[in-house]
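Here the structure is laid out as structure tokens; the discussion comes afterwards.
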Amino acid sequence: GKNEYDLLVIGGGSGGLACAKEAAQFGRKVAVLDYVEPSPQGTKWGLGGTCVNVGCIPKKLMHQAALLGSALKDAQHYGWNIAQPVHHTWSLMAQAVQNYVKSLNWGHRVQLQDKKVKYFNMKGSFSDPYTIRGLTKAGKETIVTAENIVIATGGRPKYPTHIAGALEYGITSDDLFWLKKSPGKTLTPFVFNVSLECAGFLTGIGLDTTVMMRSIPLRGFDQQMASLVTEHMESYGTKFLKRCFPTKVEKLESNRLQVTWKNTDLGTEETDSFDTVMWAVGRAPDTETLNLETVGVKTNSETGKIVVDASEATSVPHIYAIGDITEGRPELTPTAIAAGKLLAQRLFGQSSELMDYDSVPTTVFTPLEYGCVGLSEEMAVRCYGSDNIEVYHAYYKPLEFTVAERDATQCYMKVVCLREREQRILGLHFIGPNAGEVIQGFALGIKCGATYPQLMKTIGIHPTCAEEITKLHITKRSGLDATVTGC
């Protein structure tokens, strides 16, 4: 029989929505299936995926709340009379953030309607390679067929189910942003960027916050930068339990949570009680209900992610996958959006352009932000050898920190270059205020193959933090002091 839709997208997150809307621009008949399975703690949300509901958007807004707290302290040095002590009200912030997120959910529904994309609020699973069985919350079934199917269901936070009490008493980032009342004294075990970001803003709004890390922070990022980020967080008030791992969580009569952990350095067992335990042990692809094995869509047996080629095609010719659910792709909203648009253009717009996943910029929104684009120093050394790498670096002090007498010990930047001939820039790393804004601009240059001499010919904007990148001249190899002095 004739397929009902030219394109069916399973998953209404950033990548799925971008793909569906782009396909509709070509006059194709398009549908989106989206369903949010409530978290183990019962949290649920609307259309828009992780980024809008439980990721980038609420995280950045809560990060901003913490930055404003720091600005209140600075303000007194700049002559502002601020009555002490200042106090933060979680419920006011949470309500404002949640209201904004709900407005985005509504906006996505309106956009789909405007572009004539059919929206099904249903959980989808494959019946055969061209047929999806959709189930509503009430159990009503709808059968949808399509010539092309895109899987864009993303991932959900994992629970460490081997730890007693973890699932019963812990929350994840899926829940934190939707809490009506303050999480209070919080423990976040395991150090992924989301745990550091959340711990950072919780500390910033005045909550007693502890991060437990078994090994290295920010795995996959430049480790020198990761250490500086955690050092700054410690000086800022976040507590760190290093080389420790939790073994059980118990609920006390007071409703507080008692956590027991092992300290691997001392070989001891320790306990403390918290109001909230937020797990950040990584994310698992949301594929369980899709029935992929029935239609032969190959997944990586270790990660559970869908294996795709350079054109986002799975092992089944007309079935594609984009975003966090795909193997070997960065788990980032902008890459999912770009991949979704390009896929729709190849399917329906006579395009052959593939998504380029090289030199993707990103930022970790910790109290002192860390932005980067390109290779970490470790990866550059691994790829080219330490003798073929030149690293230019500097410790600098943002002008804003001077009057406020803020510590700038961890404000640092480095450019990782090839040593030979034109000294092409392989990676740029920046820790400091507005790191995302700084890196976004330089990302264009690096995408265009910028070299160190070209960077030196770039005129800085004075007096900014970003300007310091255009003045980098001390190499790590030289062993000279890399502290910027003077104007």
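What the table shows:
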quantity	calculated
Binned Cα-Cα distances of segment 158-281, short to long, each 10 Å bin given as a whole percent	13, 48, 34, 5, 0
Amide H partners (placed H, <5 Å) of residue 150, local residues excluded	8, 9, 10, 320
Karplus-derived HN-Hα couplings along segment 465-478 (A = 6.51, B = -1.76, C = 1.60, θ = phi - 60°), whole Hz, x at Gly and Pro	6, 4, 4, 4, 5, 6, 10, 5, 9, 9, 8, 4, 4, 5
Cross-link table 414/457; 21/123; 242/447; 123/158, entries beyond 26 Å C-alpha to C-alpha	242/447
Under Karplus coefficients 6.51, -1.76 and 1.60, residue-wise ³J(HN,Hα) of segment 369-376 in Hz, glycine/proline x	6, 10, x, 8, 8, x, 7, 6
Fraction of accessible area attributable to carbon and sulfur, the chain (%, probe 1.4 Å)	52 percent
Accessible area per residue in Å² at 1.4 Å probe, computed on the chain	47 Å²
Size of electric dipole in segment 368-478: Cβ of Lys, Arg +1 and of Asp, Glu -1, about Cα centre, debye, nearest 20	360 debye
Interchain or long-range residues, amide H under 5 Å from residue 240's placed H	211
Under 18 Å from residue 248, Cα to Cα: aspartates and glutamates that are on another chain or at least 8 residues apart	168, 269, 270, 272, 275
Relative contact order [Cα under 8 Å, 6+ residues apart], segment 368-478, whole percent	33 percent
Positive-end residue, segment 1-159 charge dipole about Cα centroid, Cβ charges, pick of 138, 153, 9	138
Cross-link pairs beyond the 30 Å C-alpha cut-off, checked among 137/181; 341/397; 73/102	341/397; 73/102
Span-rule helices in the chain, defined as complete DSSP H runs reaching 15 Å or more along the axis (Cα) with Kyte mean at least -1.0	14-25, 56-77, 90-114, 193-204, 223-236, 333-348, 435-447
The chain, relative contact order [Cα under 8 Å, separation at least 6], %	15 percent
Whole-angstrom gap from segment 135-210 to segment 45-102, using each part's C-alpha centre	19 Å
Cα-centre dipole for the chain with unit charges at Cβ (Lys and Arg positive, Asp and Glu negative), debye to 20	920 debye
Length-normalised contact order for segment 158-281 - Cα pairs under 8 Å, 6+ apart - percent	36 percent
Accessible-area ranking of 376, 352, largest first, probe 1.4 Å	352, 376
Charge dipole of the chain about the Cα centre (unit charges at C-beta), most positive-ward option of 315, 273, 410	315
Segment 289-425, dipole about Cα centre (Lys/Arg Cβ +1, Asp/Glu Cβ -1), debye to the nearest 20	200 debye
Rounded, prolate or oblate (a/c below 1.5 giving rounded, otherwise prolate when a/b exceeds b/c) for the chain by Cα gyration tensor	oblate
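The values are calculated or read from the model by the stated rules, or taken from the named source; none is laboratory data. None of the values given here were measured: they were computed from a predicted structure. Cβ coordinates were reconstructed from backbone atoms using ideal geometry, including for glycine residues, and neighbour counts include every protein chain displayed. To get the accessible areas, we keep the full protein, side chains included, count just its heavy atoms, and leave off ligands, DNA and RNA. Shrake-Rupley method; radii C 1.70, N 1.55, O 1.52, S 1.80 Å.
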